[in-house]
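Bear in mind these aren't lab numbers, they're just calculated from the coordinates by the rules spelled out. Values in this document were obtained by computation on a predicted structure and should not be read as measured data. For neighbour counting, all protein chains shown are included, and Cβ atoms are generated from backbone atoms with ideal geometry for every residue, glycine included.
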Amino acid sequence: MSELPAHDYALIKVDDYFSAKRKRQFDYIASQGCRFRCTFCADPTVFKRGWYGLHPDRMARELTDHHRRYRFDEIAFQDETFFTSRTRVEEIADAFLAAGLDVAWTATMRADQGARLDDALLAKCKRAGLRRAMIGVESGSPEMLQHIKKDITLEQVYASTERLARHGLGAILNFIVGFPASRTRVCRPRWMWPPACAPSAPTLKSPFSISVLIPATRLRMNCCAMAMFSPIRSKPGPISITSAVAKPG
Ligand code: SF4
């Protein structure tokens with residue numbers, strides 16, 4: 001990936017994006033692909049479960065130049081899974097510190113990766129600007145997590161959230177409601193913050209999205225096979241969605 005030319009941000013009006021977001025937050029993609037197999041996601045088909053990252057020195061150099069030009073307050077790493085390689089994350093933090101890149105950043109993290117991260121690395125990432133991690137939880141139901149092959153547990157979500165909170169780092173926990181479970185079963189997401197997270201509730205957010213059957217995903221293929229969804233008519237079948245409950249604190 002490091003052999004590819006840099007994205008040319010001059011082709012877009014970056015300030016218009018800041019205005020639309022109402023904050024000077026700069027989007028940047030530092031890696032491509034993902035090694036996991038979630039059935040609702042097109043990534044496993046598109047990248048064949050491969051993952052490729054930009055060299056940390058190149059990231060530091062490009063982001064320092066972008067910061068000089070666009071004067072943003074924050075970087076949002078829009079990678080599928082920023083924390084895939086512990087070694088690389090540490091090199092990124094070292095490169096940012098060496099470059100004197102004094103900017104806050106948010107990055108994507110899987111719960112199983114976050115639960116494994118050591119305190120020394122999180123402390124270094126914080127010194128290098130990390131302020132929050134975005135974790136795809138998707139469902140508060142262990143059965144649904146199994147059904148969509150997310151390959152994480154709620155215990156790992158709790159562990160990563162608590163670890164981030166211990167370092168004064170925020171967490172955005174993303175959920176998806178309305179996964180088609182079967183022709184007749186109602187998808188019923190469940191989620192409660194663990195009591196240990198209560199002190200860090202102000203730094204936690206949990207946005208909810210509605211499930212969409214994206215082409216080339218295993219979930220859509222399964223639904224087509226079960227005649228829940230016709231690829232020709234592109235019309236949803238009899239899928240029930242119940243409202244989700246998020247209870248911070
Ligand atoms: S949802 Fe995230 S973890 Fe799962 S396959 Fe897609 S990019 Fe990977």
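If neighbour count is taken as other Cβ atoms inside 10 Å, put 79, 15, 27 in order from fewest to most.
Working: 79 22, 15 11, 27 14.
By the 10 Å Cβ count, ascending, the order reads 15, 27, 79.
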5 angstrom amide H check on residue 204, placed H, neighbours 5+ away: 171
Under the Karplus relation 6.51 cos²θ - 1.76 cosθ + 1.60, θ = phi - 60°, what is the ordered set of whole-Hz ³J(HN,Hα) values for segment 22-27, x standing for Gly and Pro? 6, 7, 8, 10, 9, 7
Residues whose built amide H sits under 5 Å from the amide H of residue 27, excluding neighbours closer than 5 in sequence, are 76
For segment 69-139, rounded, prolate or oblate, judged on the Cα gyration tensor with a ≥ b ≥ c (square roots of eigenvalues), a/c < 1.5 rounded, else prolate if a/b > b/c? oblate
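Which shape class, rounded, prolate or oblate, goes with segment 18-82 when its Cα gyration tensor gives a ≥ b ≥ c as root eigenvalues, a/c under 1.5 marks rounded, and past that a/b bigger than b/c marks prolate?
It is oblate, given that a/c is not under 1.5 and a/b is not larger than b/c.
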Beyond 31 Å (Cα-Cα) in this structure, taken from 23/124; 126/150; 23/149, we find 23/149
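Compute the semi-axes of the equivalent ellipsoid of segment 9-236, taking the square root of 5 times each eigenvalue of the Cα gyration tensor, and list them largest first in whole Å. Provide the component values of the computation, followed by the final result.
Values: eigenvalues 204, 94, 54 Å².
Ellipsoid semi-axes (Å, largest first): 32, 22, 16.
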Could you work out the local net charge near residue 48, counting Lys and Arg as +1, Asp and Glu as -1, over the other residues with Cβ closer than 12 Å to its Cβ? +2
